[in-house]
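> Following this message is one structure expressed as structure tokens.
The values are calculated or read from the model by the stated rules, or taken from the named source; none is laboratory data. Just so we're clear, the structure is a prediction, and the values are computed from it rather than from any experiment. Here Cβ is always computed from backbone atoms with ideal geometry, including for glycine, and neighbour counts include all displayed protein chains.
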Amino acid sequence: MRVYVPLTLPALAEAHETGELGSGPFVAYAVTPALREWYLSEDIEELEYAALSRAALAALRLLAADPGAVRRRVVVAVDVPDGAATVDPGRGLEPSALGEVTVTAAVPLAKAASVHVDAEDAEADVSAAAQALEAADGGDDDAQFVVDGADDHELLWYATQEIPNLVGQG
């Protein structure tokens, strides 16, 4: 099963250093039944993009919680064995939990398929979005507009061999 793990650049650097994305349990995003129902598409590429987008929003939340991190969203795509990622049946249909899975096993970074990161020119919008998240969660439409502005920036695709350059160790 392909899962999308939200991170920050410092967390990606730590994963690069330790060789592990996470030891489990940790939250990731995937094409779940609820995501399929919400997105209304049978195209697996579109569904995976929706899961990647959900992970990008979670990465934005990680940035909001870490004011010192570089303001760029990071998502790592990795394949885990079936059964290693589970949906919480009590949260599966909640809008905030669409696509959310819990990965229960350790995941070596070497298993990653790709890394998706904002370009440097997205930093100002991502920073503003991270600052506006709390107000947007509270129903502020103007703040939601700012948060949605981060989605105007497509995450760039990187091969896993490029991780050292992304985290400044290459």
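> What residue, among those in the range 117-155 that are of a type in the set (A, V, I, L, M, F, W, C) and surrounded by fewer than 14 Cβ atoms within 10 Å (Cβ to Cβ), is nearest to Gly68 (Cα to Cα)?
The residue in question is Ala124.
> Pick from Val80, Val87, Val101: which is closer than 30 Å to Ser127 by Cβ, hydrophobic (A, V, I, L, M, F, W, C) and surrounded by 15 or more Cβ atoms within 10 Å (Cβ to Cβ)?
Val101
> I'm trying to understand the selection: among the residues of the range 8-31, which are hydrophobic (A, V, I, L, M, F, W, C) and touching a helix residue (DSSP H, G or I) at 6+ places or on another chain (Cβ under 6 Å)?
Ala15, Leu21, Ala30, Val31
> Going through the range 90-109 one residue at a time, which ones are of a type in the set (S, T, N, Q) and modelled with pLDDT of 85 or more?
Thr102, Thr104
> Still on this structure, I have one more. Out of (1) of a type in the set (Gly, Ala, Ser); (2) surrounded by 16 or more Cβ atoms within 10 Å (Cβ to Cβ); (3) at pLDDT 90 or above, what's the single condition that is false for Gly22?
Every condition holds for Gly22 apart from (3).
> Can you tell me which residues in the range 1-19 are surrounded by fewer than 15 Cβ atoms within 10 Å (Cβ to Cβ) and closer than 17 Å to Asp79 by Cβ?
Gly19
> With respect to the numbered conditions (1) among the small types (Gly, Ala, Ser); (2) exposed (fewer than 15 other Cβ atoms within 10 Å of the Cβ); (3) touching a residue at least 40 places away in the same chain (Cβ under 8 Å); (4) touching a helix residue (DSSP H, G or I) at 6+ places or on another chain (Cβ under 8 Å), which one is the sole condition not fulfilled by Ala51?
(2)
> Taking helices (runs of 4 or more DSSP H) that fall entirely within the range 70-166, which contain at least 1 residues that are farther than 23 Å from His16 by Cα and out of contact with any strand residue (DSSP E or B) (no Cβ under 9 Å at 6 or more places or on another chain)?
Helices (runs of 4 or more DSSP H) meeting the threshold: 123-137, 141-150.
> If I go through the range 29-47 residue by residue, how many of them are exposed (fewer than 11 other Cβ atoms within 10 Å of the Cβ) and part of a helix (DSSP H, G or I)?
Selection size over the range 29-47: 2.
> Yes or no: the range 91-105 includes at least one residue that is within 17 Å of the chain's Cα centre (by Cα), of a type in the set (A, V, I, L, M) and farther than 29 Å from Gln161 by Cβ.
Yes: one or more hits.
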